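Q: Before I ask anything, let me first share the structure, which is written out below as structure tokens.
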Amino acid sequence: MAFLSLVNFLLICVTLSCFSCSSARSYHKPNIVLILTDDLDISIGGLTPLSKTKKLIGDAGISFRNAFVASPLCCPSRASILSGKYPHNHHVINNTLEGNCSSVAWQKTEEGNTFPALLKTVAGYQTFFAGKYLNQYGHAEAGGVAHVPPGWSYWVGLEKNSKYYNYTLSVNGKPQKHGYDYNKDYLTDVLANKSLDFLEYKSNFQPFFMMVSVPAPHSPWIAAPQYQNTFNTTKAPRDPNFNIHGKDKHWLIRQAKTPMSNSSIKYLDDAFRRRWTTLLSVDDLVEKIVQRLEVRGELDNTYVFFTSDNGYHTGQFSLPLDKRQLYDFDIRVPLMVRGPHIKPNQTSQMLVANVDLGPTMLDIAGYNVSKTQMDGMSFLPIMEGSMNASSWRTDILVEYEGEGSTVSDPACPLLGPGVSECFPDCVCEDSYNNTYACVRTVAPAANLQYCEFDDNEVFVEVYNMTADPFQLTNVAKSIEQEVLEKMNRRLMILQSCSGQSCRTPGVYDPRYKFDPRQMFINHSWQHSRLRRTIK
């Protein structure tokens, strides 16, 4: 009898212990997973290879049709995701160390205030990062791979830019080198396995935030062996803006060779196909993570986000391939989210930006976003269906500072200095004065884009996206001057915003009255012509 009493006592203890574990999982704050791709478009079919991702995240939750980035380049965009700020506030202007990409200045001013740091230190989350951080991460002048950004409980950071083989990871500050063996080294699979390890061995008594930043579909476009021969007959889409002359656009577009040479078309079609092949491993990664969350009983209490740092183009306006332009194919990105209180099979036309990701995740964690200096807004109420469309903002800011070489490209000696990304066939995708700022507007009465360039022409591009979704016709010279002035004023206000002033709804209204005092708030964008006064 004594033995049976002991057995019963132990069974009761085990039962209570299991109930305690279950309760901890069921009632703690929601978990958050962010899967970030690199150069994934939505405008030219980037989601097509991701059938499992669309089913497991998009169909199971909400897909945003109007999700944009604050800058169409890796490092400035990633800095906006992490900081929740526009480029004129976080000061990361390009992919170089000199452009503040993962620099000491970035580390001192921004890293401690990123949303993962707040999730860990204030909201009590255990945090995990795996993959590409910022392009210059691991640079010797910024602490090398020994530097682990604040806010991460577990850190697996890729040194420098996207790769698939032959790279170094910083594993909690210790270098881990990888070679060319697919079974051990293919980066997308390595990141998947390390993510699964985290889910298996993390604490069950704390909520977690997991960020997985995969290389695909960024160059060099190396697919896993089993996928290399997929999509062999696929070509880049021949949309209305494919291989045509952008004669009414800024000079960098006008310099493109039209029609493109056969070699350029062959090159971009091959790149398009190879980009898709790299995404099949990303699709596998998403499936593995979602399945592991389900097996562990954590999926119902986890928000899973899927997005990209910028879009991409292949042949639009006769530009072979890149992502540094102002058009929707470069600034518009996929964004899908599933999670608690998000009904399945939803689509939203509401305007969101990557500066909103951090505020949204902090809101999920119960943190008051108004306490931060972030420029973005939480779109959690949109996902839960509690946001009135009339109270949501309709304007966002896009900023880009062009990169140009001070020396001529040896492969294109006739081009002279000041241009960059001149491949193939000496068509340049960027230049020093490819510097612009745009207001992207999505409202019931208007779907517009207004952009100003810092170049000798002080060039302006305006598009009516409802009538002209492929941005074929720049209407800047044909619309009323009063409308142009109002767009210019709205742009100046957004370029001057910081924190709460960026979160003010700012709903597009052609009757909007401009307050010139707003022009002089926090001018940190570097080119004054972009904020010229309307005469």
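Q: Working only with C-alpha atoms, what are the Rg and Dmax values of the range 402-462, expressed in angstrom?
A: Using the Cα atoms of the range 402-462, the pair Rg, Dmax is 15.3, 50 Å.
Q: Let me check against my output: what whole-number percent is the relative contact order of the chain, with C-alpha pairs under 8 Å and at least 6 apart?
A: Relative contact order of the chain: 19 percent.
Q: Could you please report the charge total around LEU199, scoring K, R as +1 and D, E as -1 over all other residues with beta-carbon less than 9 angstrom from its beta-carbon?
A: 0
Q: Something else about it: Okay, helix-only estimate at 222 nm for the chain: each DSSP H run of n ≥ 4 adds -39500 (n - 2.57), divide by all residues, round to 500 deg cm²/dmol; what do you get?
A: -8000 deg cm²/dmol
Q: Of the options PRO259, GLN226, ALA192, report the single residue whose Cα projects farthest towards the positive end of the charge dipole of the range 163-296 (beta-carbon charges: Lys, Arg +1; Asp, Glu -1).
A: Projecting each Cα onto the dipole axis, the largest value belongs to PRO259.
Q: Separate question: For LYS266, which aspartates and glutamates qualify as cross-link partners when the Cα separation must be under 16 Å and same-chain residues fewer than eight apart are set aside?
A: Excluding near neighbours in sequence, the set is ASP322, ASP425.
Q: Let me ask you something else. Where Rh is the Kirkwood radius over the Cα pairs of the range 262-313, the temperature 25 °C and the viscosity 0.890 mPa s, what D in µm²/s does Stokes-Einstein return?
A: 180
Q: Taking Cα centroids, how far is the range 25-103 from the range 355-379 in Å?
A: 15
Q: Compute the relative contact order of the range 198-286 as a whole-number percentage, counting only Cα pairs closer than 8 Å that sit 6 or more residues apart in sequence.
A: Once normalised by length, the contact order is 45 percent.
Q: If you build the convex hull over the alpha carbons only and average its shadow over all orientations, what do you get for the chain? Give it in nm² to one decimal.
A: Mean projected area of the Cα convex hull: 27.2 nm².
Q: Further question: How fast does the range 43-103 diffuse by Stokes-Einstein, in µm²/s, taking the Kirkwood radius from C-alpha pairs at 37 °C and 0.692 mPa s?
A: Estimated via Stokes-Einstein, D reaches 244 µm²/s.
Q: Where the centroid of each part is defined by its Cα atoms, how far is the range 165-180 from the range 190-258 in Å?
A: 21
Q: How large are Rg and Dmax for the range 248-353 when calculated on the C-alpha trace, in angstrom?
A: Considering the range 248-353 through its Cα atoms, Rg and Dmax are 18.7, 56 Å.
Q: Scan the range 153-243 for trypsin sites (Lys or Arg not before Pro) in coil per DSSP, keeping those whose Cβ has at most 15 other Cβ atoms within 10 Å, and list them by number.
A: Answer in residue order: LYS235, ARG238.
Q: Evaluate the charge dipole of the chain about its Cα centre and quote only its size in Debye, nearest 20, assuming +1 on the Cβ of each Lys and Arg and -1 on the Cβ of each Asp and Glu.
A: 800
Q: May I have the pair-distance distribution P(r) for the range 138-238, computed from all Cα-Cα distances with 5 Å bins from 0 and rounded to whole percent?
A: 2, 11, 18, 21, 18, 13, 8, 5, 3, 1, 0
Q: Relative to the Cα centre, what is the charge dipole magnitude of the range 31-116, using +1 at the beta carbon of each Lys and Arg, -1 at the beta carbon of each Asp and Glu, and rounding to the nearest 20 debye?
A: That gives a dipole near 280 debye.
Q: Within 10 Å, count the other beta carbons around each residue, average over each peptide in 221-232, 100-111, 70-81, and list them highest first.
A: 70-81, 100-111, 221-232
Q: Enumerate the helices in the chain for which the Kyte-Doolittle hydropathy averages 1.6 or more and the C-alpha atoms extend at least 18 Å along the helix's axis, using complete DSSP H runs.
A: None clear 18 Å together with a mean of 1.6.
Q: Based on the mean of other Cβ atoms within 10 Å per residue, sort peptides 276-287, 292-303, 490-501, 406-417 so the most packed one is first.
A: Highest-to-lowest ranking by the protection proxy: 276-287, 490-501, 292-303, 406-417.
Q: Which one, GLY246, VAL290, PHE329, projects farthest toward the positive side of the charge dipole computed for the range 243-336 from Cβ point charges (K/R +1, D/E -1)?
A: Highest projection toward the positive end goes to GLY246.
Q: Sticking with this structure for a sec: So for the range 259-396, averaging the separation of alpha carbon pairs under 8 Å that are six or more residues apart and normalising by length, what relative contact order in percent results?
A: Relative contact order for the range 259-396 comes out at 19 percent.
Q: Next up: Rounded to the nearest 20 Debye, what is the dipole magnitude of the range 253-395 about its Cα centre when Lys and Arg each give +1 and Asp and Glu each give -1 at the C-beta?
A: I would put it at about 460 debye.
Q: On to the next question. Across all directions of projection, what mean area in square nanometres is found for the Cα convex hull of the range 75-161?
A: 4.9
Q: Here's another thing I want to ask about it. Set the bar at 31 Å for Cα to Cα. Now go through LYS54/LYS184; LYS54/LYS486; LYS174/LYS202; LYS52/LYS323; LYS29/LYS54 and name every pair that lies beyond it.
A: With Cα atoms farther than 31 Å apart: LYS54/LYS486.
Q: Give me the distance in nm between label points sitting 7 Å out from Cα along the Cα-to-Cβ direction at SER391 and ARG254, one decimal.
A: The two pseudo-label positions are separated by 4.7 nm.
Read-outs: derived from the displayed coordinates by stated rules, not from any lab. These numbers were taken from a predicted model, which means no experiment stands behind them. Cβ sites come from the backbone with ideal geometry, for glycine too, and all protein chains shown count toward neighbours.
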